[in-house]
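Before any comments, here is the structure.
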Amino acid sequence: SEILFLFQGYQGMVDGGDNIVEVSWESVSSILQVGGTVIGSARCKSFRTREGRLQAAHNLVQRGITNLCVIGGDGSLTGANLFREEWSGLLEELAQEGKIDEEAVKKYAYLNIVGMVGSIDNDFCGTDMTIGTDSALHRIIEVVDAIMTTAQSHQRTFVLEVMGRHCGYLALVSALACGADWVFIPEYPPEEGWEDSMCVKLSENRARKKRLNIIIVAEGAIDCHNKPITSEKVKDLVVQRLGFDTRVTILGHVQRGGTPSAFDRILASRMGVEAVLALLEATPATPACVVSLSGNQAVRLPLMECVQMTQEVQKAMDEGRFLEAVRLRGRSFENNLNTYKLLSHKKPDAELPTTNFNVAVLNVGAPAAGMNAAVRAAVRVGITEGHKMFAVIDGFEGFARGKIKEISWGDVGGWTGQGGSILGTKRTLPAKYLEKIADQMRTNNINALMVIGGFEAYLGLLELSAAREKYDEFCVPMVMVPATVSNNVPGSDFSIGADTALNTITDTCDRIKQSASGTKRRVFIIETMGGYCGYLANMGALAAGADAAYIFEEQFDIRELQANVEHLTEKMKTSIQRGLVLRNENCNENYTTDFIYQLYSEEGKGVFDCRKNVLGHMQQGGAPSPFDRNFGTKISAKAMQWISKKLTETYRKGKVFANTDDSVCLLGMRRRNLVFQPVAELKTETDFVHRIPKEQWWLKLRPLMKILAKYKTSYDVSDSGQLEHVAMHTPKEVETGAI
């Protein structure tokens, strides 16, 4: 089928001519890592008029176009919806004016439209994440991290203004991701007298020796009387009332710029496939739809319903029905807001309940970015729920040695943005220290355990639950939150740290590709981490636009290697003279990175030369990405609430006693929900030899990578999104766990 680009958005559709261009495979090469849009975009006044749309319809019919894929924000998608509704009328009018014949009216009677939401402020209802939001968060967090270092040195207050005229998503999530002291968003204006409470909070923080105050303001922030709250107003207030040295930083268009994050590249690639499938399956009877992601599941939603709901939010805000506005934004937004409120303001000790329960938190396995955010959330939610929180240093090994201390609200301040594991983490399993760990649990009277870590954490909980017969100390609620760059823990689609690692791999691949474009005809072979799990290699390849990815889960032989070499030889004849191949560290014990490098070098003689690169431990390091900070914060807060619930359920005759399978759980993201699963039940889903789950959702995306690298292969459409309605959730549902 013929694929065409419409340059300059609706303006190009109205102007026609050379704005409508056929696209070749090569013409879209290398645009994956380019920010913004290569086909341009323009706000178009004339498309808002019927004459403009008439002209656009004429241009489309002349080129025989009846399928449109529109990527844009709510304005563009509302326009698309109207255009589709008017289509038959527009054709009739063109026929009456003699611009097209009756034959054309019949032939092009139906216009199919599918929308993808590309908007950095995530303001479109019905979608958890719009394309571009994650990249905008990356820009904001980079700035906040940089500001934090100067603010720490100078004891300053910073007021940061982020984009979002009508939607506070960016402000809210960045506040959550950097632990800001205060956030102003249009959907949730502060109560009367907020000026006093904010100043009290800021001065308390100073008294607690917190050298840094960060206040985030969405550009559309308002008070409860719908009057704007500007960043200047907030600054003046702090200066007048407290005399603090205060600076305003307006991020502006920095947020739209830069290269897309790994999450956005994968999201957009998945959505692109969904959009094509939706267009191919469209009939005159199906409504125009929007493809989006709900949790980790692709869905299709009627465009009209999403547009109506988005307008409802604005209406609710204009009329001062703010709780309604938050609810209409969807469960993901509401969850972010509730988590922020829970973690940012400590209630006075007098107002906190006391449960007399002691809960210990530990990190197990290799370090993963976002572990600290998870520890912070656990500690603060635990304190809010009235428990005493204990931190264990250096995993199970440290536990056995008695490295355990009480940890307070203030101790975890500023942890969200720190990479690695501040508590320290070890791979050691508890089996050889059972007696000592039981002693420590008895001495410190530990009533529940929260383990944040990778595959070892999962094995560790299995060992502890098996030891319950012998040691009563282990008959307490235990929960695990998956955190490992490898993303190889059964029971969860994602694990904390994998997104950060993926961004590191993607950034490195981008740089390597750039170095290759200077030298021409060069193929790079890059080795990624992950143990036997191919998640990083596969998703990294998808995000970096690689030509092949070798993984353990999909066996390959010499014939496949040969085919890949031939494929690259063909590619070198085109204008794209470089190749990129990713290899998981354990994909095959004989076809090592060196072997593949030597094979490619020999077979490519005279056509291309080769270089290899082992990424190594840089994949575990670095500041956590916005996704990992938020995922870590939210999943951990939810795990802590589960612990509180289990503690009350299992408290009998003055002590906690829990010995059933459902009191040792792993909290994971499964498709659309966060679910607690007994570790005992996950055993059947695990390949213990290779330390991976037996079934992995991302393997379904493998053909997508191959198709995008120009291999002929079939794509399984059974998992594609089905049309469903925009759900209006009741507040109760929030607990079911949107991320």
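The values are calculated or read from the model by the stated rules, or taken from the named source; none is laboratory data. Just so it is clear, the model here is predicted, and its values are computed rather than measured. Ideal geometry is used to build each Cβ from the backbone, glycine not excepted, and the neighbour counts take in all protein chains shown. Protein only, heavy atoms only, side chains kept; ligands, DNA and RNA dropped before computing areas. Shrake-Rupley method; radii C 1.70, N 1.55, O 1.52, S 1.80 Å.
Could you please let me know if Val38 is touching a Ser or Thr at 6+ places or on another chain (Cβ under 7 Å), open to solvent by 10 Å² or more (accessible area, probe 1.4 Å) and under 27 Å from Asp123 (Cα atoms)? Considered against the rule, which asks whether it is touching a Ser or Thr at 6+ places or on another chain (Cβ under 7 Å), open to solvent by 10 Å² or more (accessible area, probe 1.4 Å) and under 27 Å from Asp123 (Cα atoms), Val38 comes out as no. In this structure, does Arg241 turn out to be assigned by the TED database to the domain that holds Val183, closer than 30 Å to Thr157 by Cα, in a helix (DSSP H, G or I) and at pLDDT 90 or above? It is true that Arg241 is assigned by the TED database to the domain that holds Val183, closer than 30 Å to Thr157 by Cα, in a helix (DSSP H, G or I) and at pLDDT 90 or above. Scanning the range 264-288 for residues that are of a type in the set (S, T, N, Q) and open to solvent by 30 Å² or more (accessible area, probe 1.4 Å) yields Thr283, Thr286.
Restricting to the range 319-335, name every residue that is part of a helix (DSSP H, G or I), within 12 Å of Glu187 (Cβ to Cβ) and touching a residue at least 12 places away in the same chain (Cβ under 8 Å). Answer for the range 319-335, where residues must be part of a helix (DSSP H, G or I), within 12 Å of Glu187 (Cβ to Cβ) and touching a residue at least 12 places away in the same chain (Cβ under 8 Å): Phe322, Ala325, Val326, Arg327, Leu328, Phe333, Glu334.
All conditions in (1) under 25 Å from Gly132 (Cβ atoms); (2) aliphatic (A, V, I, L, M); (3) out of contact with any Gly (no Cβ under 9 Å at 6 or more places or on another chain); (4) surrounded by 21 or more Cβ atoms within 10 Å (Cβ to Cβ) hold for Met198, with the sole exception of (1).
Table: residues versus (1) more than 23 Å from Asn338 (Cβ to Cβ); (2) touching a residue at least 24 places away in the same chain (Cβ under 8 Å); (3) in contact with a strand residue (DSSP E or B) (Cβ under 9 Å, 6 or more places away or on another chain).
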site: Val379; (1), (2), (3): no, yes, yes
site: Met389; (1), (2), (3): no, yes, yes
site: Arg401; (1), (2), (3): yes, yes, no
site: Ile404; (1), (2), (3): yes, yes, yes
site: Gly420; (1), (2), (3): yes, yes, no
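When the helices (runs of 4 or more DSSP H) confined to the range 491-574 are screened for residues that are touching a strand residue (DSSP E or B) at 6+ places or on another chain (Cβ under 6 Å) and crowded, with 23+ Cβ neighbours inside 10 Å, those reaching at least 3 such residues are found at 535-544. Every residue in the range 447-480 that is open to solvent by 10 Å² or more (accessible area, probe 1.4 Å), out of contact with any Leu (no Cβ under 7 Å at 6 or more places or on another chain) and not in a helix (DSSP H, G or I), please. The one that is open to solvent by 10 Å² or more (accessible area, probe 1.4 Å), out of contact with any Leu (no Cβ under 7 Å at 6 or more places or on another chain) and not in a helix (DSSP H, G or I): Lys470. Here is the figure for the range 55-97: residues that are over 18 Å from Phe124 (Cβ atoms) and either open to solvent by 50 Å² or more (accessible area, probe 1.4 Å) or free of Cβ contacts under 8 Å to residues at least 24 places away in the same chain (or both) total 12.
Among the residues of the range 678-699, are any modelled with pLDDT under 90 and open to solvent by 20 Å² or more (accessible area, probe 1.4 Å)? No, because not a single residue in the range 678-699 is modelled with pLDDT under 90 and open to solvent by 20 Å² or more (accessible area, probe 1.4 Å). Of the helices (runs of 4 or more DSSP H) lying entirely inside the range 39-146, those carrying at least 3 residues that are within 31 Å of the chain's Cα centre (by Cα) are 74-96. The set of residues from the range 156-209 being within 15 Å of Leu251 (Cα to Cα), assigned to a loop (DSSP other than H, G, I, E, B) and not charged (D, E, K, R) comprises Met163, Gly164, Gly168. Taking each residue of the range 214-242 that is without any contact (Cβ under 8 Å) to a residue 12 or more places away in the chain and looking for partners that are hydroxyl-bearing (Ser, Thr, Tyr) with beta-carbon atoms closer than 7 Å, six or more apart or interchain, yields Val239/Thr246.
When Ala366, Ala373 are screened for being in contact with a Lys or Arg (Cβ under 6 Å, 6 or more places away or on another chain), assigned by the TED database to the domain that holds Glu473 and either among the charged types (D, E, K, R) or under 30 Å from Ala543 (Cα atoms) (or both), only Ala373 passes. Looking only at residues of the range 331-356 that are of a type outside the set (S, T, N, Q) and open to solvent by less than 20 Å² (accessible area, probe 1.4 Å), we find that the one that is nearest to Trp182 (Cα to Cα) is Tyr340. With respect to the stated conditions, Val105 fails to be buried (at least 24 other Cβ atoms within 10 Å of the Cβ) and either aliphatic (A, V, I, L, M) or touching a helix residue (DSSP H, G or I) at 6+ places or on another chain (Cβ under 6 Å) (or both). Which pairs turn up if I take residues in the range 185-204 that are acidic (Asp, Glu) and look for partners that are open to solvent by 20 Å² or more (accessible area, probe 1.4 Å) with beta carbon separation below 6 Å, at least 6 apart in sequence or on another chain? Sorted first by the residue in the range 185-204, then by its partner, the pairs are Glu195/Leu237.
Per the conditions (1) in contact with a Leu (Cβ under 9 Å, 6 or more places away or on another chain); (2) assigned by the TED database to the domain that holds Gln33; (3) aromatic (Phe, Trp, Tyr), the sole criterion not satisfied by Phe158 is (2).
Within the range 128-148, identify whether any single residue is modelled with pLDDT under 85 and under 19 Å from Val412 (Cα atoms), and answer yes or no. The answer is yes; a qualifying residue exists. Met640 fulfils the conditions (1) closer than 23 Å to His387 by Cα; (2) outside any loop (DSSP other than H, G, I, E, B); (3) in contact with a Lys or Arg (Cβ under 9 Å, 6 or more places away or on another chain); (4) open to solvent by 20 Å² or more (accessible area, probe 1.4 Å) except for a single criterion, (4).
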